[in-house]
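The values are calculated or read from the model by the stated rules, or taken from the named source; none is laboratory data. All values reported here derive from a predicted model rather than from experimental measurement. Using ideal geometry, Cβ is built from the backbone for each residue, glycine included, and neighbour counts are taken over all protein chains shown. Protein only, heavy atoms only, side chains kept; ligands, DNA and RNA dropped before computing areas. Shrake-Rupley method; radii C 1.70, N 1.55, O 1.52, S 1.80 Å.
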Amino acid sequence: MLRIDGLNAWYGEAQVLRDVALEVASGEVVTLCGRNGAGKTTLLRSVMGLHTQQRGAISLRGTDLTKKPAHSRARLGLGWVQDDRGSYATLTVTENLTLPPRVGPRSWSLDRIYEMFPNLYERRSSPATKLSGGEQQMLALARVLRMGAELLLCDEPTEGLSPLLVQRVGEILRLVKADGGTVLLVEQNLHFATTVADRHHLLAEGRVVESLDNTEVRNRERELLAYLGI
Amino acid sequence: MTNFLEQTFNGLVSGSFLALLALGLAVIFGLLRVVNFAHGAIYMLGAFGAYVLADELGLSFWAALIAVPLGLAVVGVVLERAFIHRLTRLDPLYNFLLTFGLTLILQDLVKARYGVQSSPYAVPSALSGSVDLGLFEFPAYRVFVLAMSVAICVGVWALLTRTRIGMVVRAATERPELTRAFGIDVGRWITPVFGFGVALAGLAGVLAAPMRAVHPLMGADLIIVVFAVVVIGGLGSIFGSVAVGFVIGVLQVWAEAYAPESWRALIAQTLPFLLMAVVLLWRPAGLFGREETA
């Protein structure tokens, strides 16, 4: 579904991605792991079209995304879950959910969203930034479900959440996968990653240095945690 | 008491112009991040537009009230497409300088054609009398100006808070990059929003024509106060800009009416800037402004 080839990216003079190549198949959940500054978020932002100082090939279902702006990429089926939850203070919860257009056949109805996330229903008329951190994370995930995005780009959706809410995020991602959705996930929590993902790419200094399946990650968890500095 | 209420009403009318101009500036700044220095010159063009339509084409105030803002909206769209959007990726100072230069050009063009003296514009006959407000009589035209500006501010507020267009504009104003990532072409909204903001300035100019001296520098005098209003309200905050516009209008008129006689003009003129300094020290983002987000 997603193919990245020879991707290089810079912030000014500093190169942050170097010849990154990876593929994500339809229905897969794939994680990007690495220390802070390894280039994980830049890779995700490059796929979304939010980081423009880049060179290389990115395609979605065979459609070249390289010259397409972020809003066109979203309409082709990319769903963005930002690391800071991306809540709008000037929009209510319902407005946050209905702002993006519905782009795919898997788009959830508002009723289904509110059934799945009763907390959001109770706070539906509140400004989104009045929600707790966990509720805002649920809102960010609910928003891309409402869009019906085919490929979710999730940047550390479990960061700062309680273990109970981390579990909840896992349930949602597994639900997306069971529904035929695809996820590219930036995740520092290796244990969590193995509970939701099929494959893992380890990034260091802007390169993919290892690609591992779940069994390999579980077998080498201690070594990998030490490598990630966790 | 009657005098106080009358002065307060005068202040609200004076604040109407500040509120309409600040509303346009806030809408433009919110989405484009452009401080449109030419806003005062557009206000002046609005007043001159009404004057020219009446003097050279014999068109009524009512026709000018529709035609001038629409015409200036087109001018705004052309300005945005021809100049402003080319500079939006650069430091905001470039667009500030561009609009400052446009102000000088527009003022000098009007000066060259109409001179520096005030041009007369009569109050429309339907609004030439007074209205009995119970405790005092008030000129009908001033009541109309206040009613119009309140109606427009409420209308813009309803547009922004009750419609999908408003929701998109609010989202794009608050977090432009994130909004693009949600499939919304933020750039598509920029030109019409700039045109709309310019039309509001033009409308304020038409409303001002029968009340204030129509001359090439009428906008230059006012725009500095409007900038103070927008900064106090919070850059990009629609509600803040409008509310502070009316409040400053009232405070200035109270100062002119009740401050010690030898200090009146000084206090009325410096009040907006003193308030701005205090508010910036207390809340750097303004009374209703928010810190920037991605």
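Based on what the data block shows, is residue B:179 touching a residue at least 60 places away in the same chain (Cβ under 8 Å), within 11 Å of chain A (Cβ to nearest Cβ), hydroxyl-bearing (Ser, Thr, Tyr) and out of contact with any strand residue (DSSP E or B) (no Cβ under 9 Å at 6 or more places or on another chain)? Don't jump to the end; show me each part of the working.
Details: touching a residue at least 60 places away in the same chain (Cβ under 8 Å): no; within 11 Å of chain A (Cβ to nearest Cβ): yes; hydroxyl-bearing (Ser, Thr, Tyr): yes; out of contact with any strand residue (DSSP E or B) (no Cβ under 9 Å at 6 or more places or on another chain): yes.
No: the conditions fail for residue B:179.
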If residue A:31 satisfies all but one of (1) surrounded by fewer than 21 Cβ atoms within 10 Å (Cβ to Cβ); (2) of a type in the set (Val, Ile, Thr); (3) in contact with an Asp or Glu (Cβ under 6 Å, 6 or more places away or on another chain), what's the number of the condition it fails?
(1)
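Filter the range B:98-145 down to the residues that are polar (S, T, N, Q) and without any contact (Cβ under 8 Å) to a residue 12 or more places away in the chain, then identify the one that is surrounded by the fewest Cβ atoms within 10 Å (Cβ to Cβ). I'd like the intermediate steps shown before the answer.
Filtering the range B:98-145 for residues polar (S, T, N, Q) gives B:99, B:103, B:107, B:117-119, B:125, B:128, B:130.
Keeping just the survivors that are without any contact (Cβ under 8 Å) to a residue 12 or more places away in the chain gives B:125, B:130.
Values: B:125: 9, B:130: 13.
Within the range B:98-145, the match that is surrounded by the fewest Cβ atoms within 10 Å (Cβ to Cβ) is B:125.
Considering each of B:173, B:179 in turn, give the residue that is open to solvent by 10 Å² or more (accessible area, probe 1.4 Å) and among the hydroxyl-bearing types (Ser, Thr, Tyr). Walk me through how you get there before you give the answer.
On the way: B:179 fails: open to solvent by 10 Å² or more (accessible area, probe 1.4 Å).
Answer to the selection: B:173.
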Residue check for residue B:118: away from chain A (no Cβ under 14 Å) and touching a Leu at 6+ places or on another chain (Cβ under 7 Å):
no
Filtering the range B:155-172 down to residues that are of a type outside the set (A, V, I, L, M) and under 19 Å from the mean Cα position of the chain (by Cα), which residue is farthest from the other protein chains (Cβ to nearest Cβ)?
B:155
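Condition check: without any contact (Cβ under 8 Å) to a residue 60 or more places away in the chain and not in a loop (DSSP other than H, G, I, E, B). Does residue B:82 satisfy that?
On the way: without any contact (Cβ under 8 Å) to a residue 60 or more places away in the chain: yes; not in a loop (DSSP other than H, G, I, E, B): yes.
So residue B:82 passes the test.
The rows are residues; the columns are (1) more than 25 Å from residue A:42 (Cβ to Cβ); (2) crowded, with 20+ Cβ neighbours inside 10 Å.
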residue: A:169; (1), (2): no, yes
residue: A:181; (1), (2): no, yes
residue: A:192; (1), (2): no, yes
residue: A:198; (1), (2): no, no
residue: A:202; (1), (2): no, yes
residue: A:207; (1), (2): no, no
residue: A:214; (1), (2): yes, no
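Is there a residue in the range B:185-197 that is of a type in the set (Lys, Arg), within 14 Å of chain A (Cβ to nearest Cβ) and farther than 17 Å from residue B:237 by Cβ?
Of the residues in the range B:185-197, the ones of a type in the set (Lys, Arg) are B:188.
In the following step, the residues that additionally are within 14 Å of chain A (Cβ to nearest Cβ) were identified as B:188.
Subset that is farther than 17 Å from residue B:237 by Cβ: B:188.
Among the residues of the range B:185-197, at least one is of a type in the set (Lys, Arg), within 14 Å of chain A (Cβ to nearest Cβ) and farther than 17 Å from residue B:237 by Cβ, which makes the answer yes.
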Test: residue B:285 is within 20 Å of residue B:26 (Cβ to Cβ), small (Gly, Ala, Ser) and assigned to a loop (DSSP other than H, G, I, E, B):
yes
Keeping to the range B:242-292, report how many residues are open to solvent by less than 70 Å² (accessible area, probe 1.4 Å) and within 14 Å of another protein chain (Cβ to nearest Cβ).
2
Counted residues, the range A:40-91 - those being open to solvent by 10 Å² or more (accessible area, probe 1.4 Å), among the aliphatic types (A, V, I, L, M) and either more than 17 Å from the chain's Cα centre (by Cα) or at the interface with chain B (Cβ under 8 Å from one of its Cβ atoms) (or both)
3
Any chance residue B:148 is within 14 Å of chain A (Cβ to nearest Cβ) and either in a helix (DSSP H, G or I) or surrounded by fewer than 20 Cβ atoms within 10 Å (Cβ to Cβ) (or both):
no
Show the residue pairs meeting these rules: Cβ distance below 8 Å; 6+ apart or different chains; first residue within the range B:183-205 and modelled with pLDDT under 90; second residue of a type in the set (D, E, K, R) and open to solvent by less than 10 Å² (accessible area, probe 1.4 Å).
B:190/B:80
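Collect the residues in the range A:99-158 that are within 14 Å of another protein chain (Cβ to nearest Cβ), outside any helix (DSSP H, G or I) and of a type in the set (S, T, N, Q), keeping them in residue-number order.
Keep residues of the range A:99-158 that are within 14 Å of another protein chain (Cβ to nearest Cβ), which gives A:99-104, A:107, A:125, A:127-130, A:136, A:139-155.
Applying the additional criterion that residues be outside any helix (DSSP H, G or I) yields A:99-104, A:107, A:125, A:127, A:148-155.
Hits for the range A:99-158 are A:107, A:125.
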Any residue in the range A:1-17 that is assigned to a strand (DSSP E or B) sitting within a Cβ distance under 7 Å of a residue that is among the acidic types (Asp, Glu)? List the pairs, counting only those 6 or more apart or interchain.
A:2/A:23; A:3/A:23; A:6/A:19; A:8/A:19
Some residue of the range B:222-239 being open to solvent by less than 10 Å² (accessible area, probe 1.4 Å), outside any helix (DSSP H, G or I) and in contact with a helix residue (DSSP H, G or I) (Cβ under 6 Å, 6 or more places away or on another chain):
yes
Pairs returned, first residue in the range B:217-245 that is over 28 Å from residue B:108 (Cβ atoms), second residue that is among the aromatic types (Phe, Trp, Tyr), beta-carbon separation under 7 angstrom, 6 or more apart or interchain, are B:233/B:288; B:234/B:288; B:235/B:29; B:236/B:29; B:237/B:288; B:238/B:157; B:239/B:288; B:240/B:288
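Anything in the range A:65-88 that is assigned to a helix (DSSP H, G or I), among the small types (Gly, Ala, Ser) and out of contact with any helix residue (DSSP H, G or I) (no Cβ under 8 Å at 6 or more places or on another chain)? List them, or say none.
Keep residues of the range A:65-88 that are assigned to a helix (DSSP H, G or I), which gives A:70-75.
Adding the requirement that they be among the small types (Gly, Ala, Ser) leaves A:70, A:72, A:74.
Listed by number, the list holds a single entry, A:72.
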